[in-house]
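Down below is the structure, laid out as structure tokens.
Here, each number is a calculation from the coordinates, and none is a lab measurement. Quick caveat: nothing in here was measured; it's all calculated off a predicted structure. As a convention, Cβ positions derive from the backbone with ideal geometry for all residues, glycine included, and neighbour counts pool all protein chains shown.
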Amino acid sequence: MLRYNLEKLGYQVDEAADGQEALLKIAEQAPDLVLLDWMLPSLSGIEVCRQIRRRTQTRDLPVIMLTARVEEQDSIRGLNTGADDYITKPFSMEALVARVRALLRRTQPVASGRTLRFHDIVLDGTEHRVQRNDRPVRLGPTEYRLLEFLMQHPRRVFSREDLLNAVWGADIHVEARTVDVHIRRLRKALNGPDEQDVVRTVRTAGYALDLEAA
């Protein structure tokens, strides 16, 4: 059903019957995006996602997790494993396609070529790369967009809803807690040994890029 509907919209789609086959196909030719079911034979979707993130060639590959598990802790576990988005069954094709389009938009290189700087962090919009103290910072597509947005508005506090609208899009329904997961991943990638945490958590208000981070 997914393949039929996505191909009707012009997407080129390949499929795998289990987790091992998925990893082999991804290694042979990495796609632009992976739709990954949690409950797969031979190797779970969680483990597939974990291995995608471990491999240098695929660590930035966008992943949307599809699952019938609706508990909040399950969604947090999926995001913490490295998924960029999470959608529970049953879902409409319209909702899934909106998520696919939104994530593909976020993963495209920045066309403006603008270079942003904050403290010792440099974001190169042409090369789609981030450095801190001349150290390359490896970010997933969502963390990159989060950092880009915060660097465009330094020291300004944004609520979770503000960040959801700016990074995911106002037409996409994503839980506010998803922002917390991606902020943690952004912090982990940005902050090396003895480097100051520049992402400030403002209690009950949201987040800001600020040297006064606690």
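Normalised by the number of residues in the chain, the average gap of Cα pairs under 8 Å and 6 or more apart makes the relative contact order 13 percent. Taking Cα centre as origin and charging only the Cβ of basic (Lys, Arg, +1) and acidic (Asp, Glu, -1) residues, the dipole magnitude of the stretch 9-66 rounds to 340 debye.
Computed over the chain with a Gaussian network model linking Cα atoms closer than 10 Å, the most mobile of 97, 130, 34 is 97. Here the stretch 115-209 is treated with +1 on each Lys and Arg Cβ and -1 on each Asp and Glu Cβ, and its dipole about the Cα centre works out to around 220 debye. Measuring nothing but how far apart in sequence close Cα pairs (under 8 Å, 6+ apart) lie, relative to its length, the stretch 115-209 scores a relative contact order of 27 percent.
Each Lys and Arg adds +1 at its Cβ and each Asp and Glu adds -1 at its Cβ; summed about the Cα centre, the chain shows a dipole of about 360 debye.
Residues 91, 158, 118, arranged from fewest to most other Cβ atoms within 10 angstrom of their Cβ, appear as 91, 118, 158. Helical content of the chain, expressed as a calculated mean residue ellipticity at 222 nm, amounts to -11500 deg cm²/dmol (DSSP H runs of 4 or more residues, -39,500 (n - 2.57) each, divided by residue number, nearest 500).
The modelled label-to-label distance for the pair residue 8/residue 68, using points 7 Å beyond Cα in the direction of Cβ, is 2.4 nm. Annotation: amide H-H contacts under 5 Å for residue 34 (H modelled 1.01 Å from N, sequence separation of 5 or more, or interchain): 63, 64.
Straight Cα distances below 15 angstrom link residue 89 to the aspartates and glutamates 37, 71, 72, 74, with same-chain residues fewer than 8 positions distant left out.
Summarised as an ellipsoid, the stretch 115-209 has semi-axes of 21, 15, 12 Å, derived from the eigenvalues of the Cα gyration tensor scaled by 5 and square-rooted, with the largest first.
Counting only alpha carbon atoms, the long axis of helix 93-107 and the longest principal axis of the chain meet at about 40°. To the nearest ten degrees, helix 45-54 and the longest principal axis of the Cα atoms of the chain are 50 degrees apart. Extension gain, residue 135-residue 191: 0.36 nm per intervening residue step, less the Cα-Cα distance, totals 19.1 nm. Pairs of alpha carbons in the chain separated by more than 32 Å make up 18% of all such pairs. Each label point was placed 7 Å from the Cα along the Cα-to-Cβ direction; for residue 28 and residue 202 their separation is 5.1 nm.
Here the alpha carbons of the stretch 2-107 define both size measures, Rg and Dmax, at 12.9, 35 Å. Couplings for the stretch 126-132, taken from phi via the Karplus curve 6.51 cos²θ - 1.76 cosθ + 1.60 with θ = phi - 60°, read 6, 8, 6, 10, 10, 10, 9 Hz in order; Gly and Pro are left as x.
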